[in-house]
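What follows is one structure encoded as structure tokens, with my remarks underneath.
The values are calculated or read from the model by the stated rules, or taken from the named source; none is laboratory data. Source: prediction; values computed, not measured. For neighbour counting, all protein chains shown are included, and Cβ atoms are generated from backbone atoms with ideal geometry for every residue, glycine included.
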Amino acid sequence: MGEDEAGSSCRASVVAPQGCARRPLATLRERKATANTGKLETMDISRFDELLAAARGQAERQRLLLVFAGASLPDGATAEQQARFEAGESGELAPLMCVDKDPGVLADFATLVEEASTLGPQWALVFAAALSGAGGRPPTDGQVDAALQHMVEAVRAGTLSGLIPFNRQGEAVQLD
């Protein structure tokens, strides 16, 4: 996603789909996610734009970390699995690409969707987290890269604690 308007680099990388472990996705339903802001405060997040506003409101500078995942049918899927997949209720998830964004520069979820469509393959969900800087500075490139790699591995392994999944409409969803 190149250089953002504030001059901060914004790295995007496409994750090689070969060798990605796929995580089963049973059911998607809307949810309110609880985000920890690092101050032992929690907030309810039900839409991506609420996460964006919360990140903008933090005392320390933030980077939004995003892993886009695709959904597919498993080999040998049953007719029931296929019907649920076509209804957007099941499938297997695999990370496709990841990016960090400055919440002060990202306008809204619609802008993110537009940018993502020009960069990579069709995605089903985007997993989001925020990384806080310190001393009035944003996180370093090394911190961001390490955190993104950790998120990609977490999505591959299906260990999604601390990540908020959003559907293509920007609504937080619950994965069963």
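Inspect segment 141-158 for any residue being surrounded by fewer than 14 Cβ atoms within 10 Å (Cβ to Cβ) and among the β-branched types (Val, Ile, Thr) and give the result as yes or no. Checked against the condition, which is being surrounded by fewer than 14 Cβ atoms within 10 Å (Cβ to Cβ) and among the β-branched types (Val, Ile, Thr), segment 141-158 yields no hits at all. Does segment 92-101 contain any residue that is modelled with pLDDT of 95 or more and charged (D, E, K, R)? Checked segment 92-101: at least one residue is modelled with pLDDT of 95 or more and charged (D, E, K, R).
Can you tell me which residue within segment 101-113, out of those that are closer than 15 Å to ALA129 by Cβ and aliphatic (A, V, I, L, M), is surrounded by the most Cβ atoms within 10 Å (Cβ to Cβ)? Of everything passing the filter in segment 101-113, LEU112 is surrounded by the most Cβ atoms within 10 Å (Cβ to Cβ).
Residue-wise test of (1) under 20 Å from ALA55 (Cα atoms); (2) touching a strand residue (DSSP E or B) at 6+ places or on another chain (Cβ under 8 Å); (3) of a type in the set (S, T, N, Q).
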{"site": "ASP75", "(1), (2), (3)": "no, no, no"}
{"site": "THR78", "(1), (2), (3)": "no, no, yes"}
{"site": "ALA83", "(1), (2), (3)": "no, no, no"}
{"site": "GLY88", "(1), (2), (3)": "no, yes, no"}
{"site": "LEU93", "(1), (2), (3)": "no, yes, no"}
{"site": "CYS98", "(1), (2), (3)": "yes, yes, no"}
{"site": "VAL105", "(1), (2), (3)": "yes, no, no"}
{"site": "GLY120", "(1), (2), (3)": "no, yes, no"}
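Those strands (runs of 3 or more DSSP E) of segment 119-176 in which 1 or more residues are of a type in the set (Lys, Arg) and in contact with a helix residue (DSSP H, G or I) (Cβ under 8 Å, 6 or more places away or on another chain) are absent. When restricted to residues that are surrounded by 15 or more Cβ atoms within 10 Å (Cβ to Cβ), outside any strand (DSSP E or B) and among the acidic types (Asp, Glu), segment 61-100 contains 1. Residues in segment 63-114 that are in contact with a Gly (Cβ under 7 Å, 6 or more places away or on another chain) and of a type in the set (S, T, N, Q): SER72 alone.
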